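Encoded as structure tokens, the structure appears first; notes follow it.
The values are calculated or read from the model by the stated rules, or taken from the named source; none is laboratory data. Model, not experiment: these values are computed from the prediction. Because the Cβ atoms are built from the backbone with ideal geometry, glycine has one as well, and the counts that use them run over all protein chains shown.
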Amino acid sequence: MVKILDMFEQKRHLGAKKGFGPWSNRFRIRFDDRTSIHQLDNSVLKYLIRGDGDSSDALYDLIMGITGLGPGHRFQYLESAMRMVVTDMTLFLLDLLRFEAMYRLGWLDDYPLLSRPIVDLVQGFEKESAAAKQQCPSLAPAHPSYALYLSQFESDRNSFVRRLIPDAIQKFYAEG
């Protein structure tokens, strides 16, 4: 009997293996093609939300592995257009990782993209990022600035949430 392989599932699985391989070595945690941002350990999240060179390198490893572009240290050798795509993907994931930190602090309501497998976020980047640009997560009613958030024009609420990111990173680090 011939086994028919689902090409999409094989691409997901292979992308996850290549993308998460460096992460498994770096963080000493097992990841797979179903791993979502919600499932990341706090220590991994703390490492990634910094937005410095080391965290960017880790995201390059992930993105370039999943997309078949090679290891992250080859980022600088990509063609200019492809470097821009990888940079856009990196910023997209960095936003989501920071939203996750804010969610864990109780600052944001749940956001559906945080439950999606990371592999799907990368492989479906154009569609996923377009959806994310349309709507940012909502501030949680328990947040002290919630009344001020509600007083904003709806179109300004995304910016309001994003302005909280530096404080959220600092608090996330302080809380362990």
Kindly establish whether Ser151 is surrounded by fewer than 16 Cβ atoms within 10 Å (Cβ to Cβ) and among the polar types (S, T, N, Q). yes
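Among Leu94, Leu59, which is under 16 Å from the mean Cα position of the chain (by Cα), touching a residue at least 40 places away in the same chain (Cβ under 8 Å) and closer than 22 Å to Glu126 by Cβ?
Of the residues listed, the single one that is under 16 Å from the mean Cα position of the chain (by Cα), touching a residue at least 40 places away in the same chain (Cβ under 8 Å) and closer than 22 Å to Glu126 by Cβ is Leu94.
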Across segment 123-133, what is the total count of residues that are buried (at least 16 other Cβ atoms within 10 Å of the Cβ) and of a type outside the set (D, E, K, R)? 4
Among the residues of segment 23-46, are any under 23 Å from Lys171 (Cβ atoms), crowded, with 18+ Cβ neighbours inside 10 Å and free of Cβ contacts under 8 Å to residues at least 24 places away in the same chain? yes
Of all residues in segment 90-122 being farther than 17 Å from Thr35 by Cα and among the aliphatic types (A, V, I, L, M), which is surrounded by the most Cβ atoms within 10 Å (Cβ to Cβ)? Met102
Picking from Ser145, Ser115, Ser129, which residue would you name as being over 17 Å from the mean Cα position of the chain (by Cα) and of a type in the set (Ser, Thr, Tyr)? Ser145
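Would you be able to tell me the number of residues in segment 27-59 that are at positive phi and in contact with a Pro (Cβ under 9 Å, 6 or more places away or on another chain)?
Residues meeting the conditions: 0.
Do we have Met89 as free of Cβ contacts under 8 Å to residues at least 24 places away in the same chain and closer than 22 Å to Asp52 by Cβ here?
So Met89 fails the test.
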Any residue at all in segment 43-56 that's touching a Phe, Trp or Tyr at 6+ places or on another chain (Cβ under 9 Å), assigned to a loop (DSSP other than H, G, I, E, B) and β-branched (Val, Ile, Thr)? no
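Here's the yes/no breakdown for (1) among the small types (Gly, Ala, Ser); (2) modelled with pLDDT under 95:
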site	(1), (2)
Lys11	no, yes
Gly15	yes, yes
Gly19	yes, yes
Phe31	no, no
Ile37	no, no
Ile63	no, no
Ile66	no, no
